[in-house]
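Take a look at the structure below.
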Amino acid sequence: MTRINMFSLIGCLLYLLHFAYATLIMNEIVGPDSVESGSTDELILDCDFEANGEEDVVLKWFYNGMEDQIYQWIALNKNAYAMGSLKDLIDPTYKVSDDPNSMMRALRFKDVDSALSGNYTCKVDTADEVKWLTKQVIVYSPATSFQIFLFGVEDQFQGDEVVLCEATNISPRPDFSLHVSGSNGSLDDLELFNPIREEIPNEDDSYNVSIRISFNSSYLEPGTTKFSCLLSIPGTNYSDTRSMEHFVENGSNRIASVVLLGCTLMFSLLLTM
């Protein structure tokens with residue numbers, strides 16, 4: 001075997017050994033799934049990966065797809081760079097560790113508000129492989145006001161009543177529902193009450209939502225009827241409830257009350273004559 005062939009064989013074996021031991025492992029993006037706006041001074045998303053024996057490692061972060069690149073770090077360099085739509089919110093000097101192969105892999109946001117909600121993709125390029133991970137983060141704002149009301153309607157059907165649930169300035173778009181339970185604890189079908197739902201988006205991407213139903217107490221079961229409003233934000237652990245009870249007398253008791261009231265009024269009139 002010639003010397004040239006020997007060197008070629010050695011070079012081939014070294015390449016195969018490098019390929020066998022060079023591995024890129026993407027573990028996870030470490031960070032919260034959801035966070036309340038204004039509840040913390042920073043938000044950190046850590047792209048946990050292992051590049052064993054890999055060369056030319058380049059880490060990139062993207063926001064809501066692969067077109068808006070917001071961060072880049074080349075492992076051979078000391079500096080990272082923020083860019084894209086979130087450039088002014090990212091701290092490019094943040095180090096997650098002192099390991100030169102991973103110290104700049106994390107995103108640190110200096111302010112936490114609803115503008116940060118979205119999907120974050122961490123992509124790692126090496127000389128041999130390209131891999132990535134994606135994580136959704138929701139930055140939410142609870143409702144500034146959440147109330148339930150019970151009042152009468154005077155301009156349409158005398159004797160009818162209205163239950164109104166409303167929540168204001170909540171972000172992102174919430175799930176909002178109203179439940180009615182009778183005196184025996186059974187749930188009534190809300191659609192029987194012809195609910196009127198409203199959802200109004202605000203300029204700051206928050207929402208005002210409401211549900212309104214009308215009913216006549218004479219059609220309810222005697223006893224206590226409970227009205228409950230449930231408010232939640234999908235993808236978060238945020239939820240809230242408002243409820244109130246409405247007591248309906250037995251039909252015979254209502255008649256007796258009316259008769260008693262009538263007799264009292266007549267007796268009062270006789271005394272004034």
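The values are calculated or read from the model by the stated rules, or taken from the named source; none is laboratory data. As the structure is a computational prediction, the values presented were derived from the model and not from experiment. So basically every Cβ, Gly included, is an ideal-geometry build from the backbone, and we count neighbours across all protein chains shown. Only protein heavy atoms, including side chains, enter the accessible area calculation; ligands, DNA and RNA are left aside. Shrake-Rupley method; radii C 1.70, N 1.55, O 1.52, S 1.80 Å.
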Check: C-alpha center the range 105-121 vs C-alpha center the range 161-183, spacing in Å is 31 Å
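Work out the FRET efficiency for N27 and I200 from their Cβ-Cβ distance, taking R0 = 41 Å, and round it to the nearest 0.05. Let's see the in-between values first.
Numbers: r = 43 Å, r/R0 = 1.04.
Rounded to the nearest 0.05, the efficiency is 0.45.
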What's the whole-number percent of alpha carbon pairs in the range 16-155 lying beyond 25 angstrom?
34 percent
Got a number for carbon plus sulfur as a percent of the range 66-216's accessible area, 1.4 Å probe?
45 percent
Local charge sum around S141 (other residues, Cβ-Cβ under 12 Å, Lys/Arg +1, Asp/Glu -1)?
-3
Take the Cβ-Cβ distance between T241 and D41 as r, set R0 to 25 Å, and report the resulting FRET efficiency rounded to the nearest 0.05.
0.25
Residue separation times 0.36 nm, minus the C-alpha to C-alpha distance between M103 and D68: what's the value?
10.3 nm
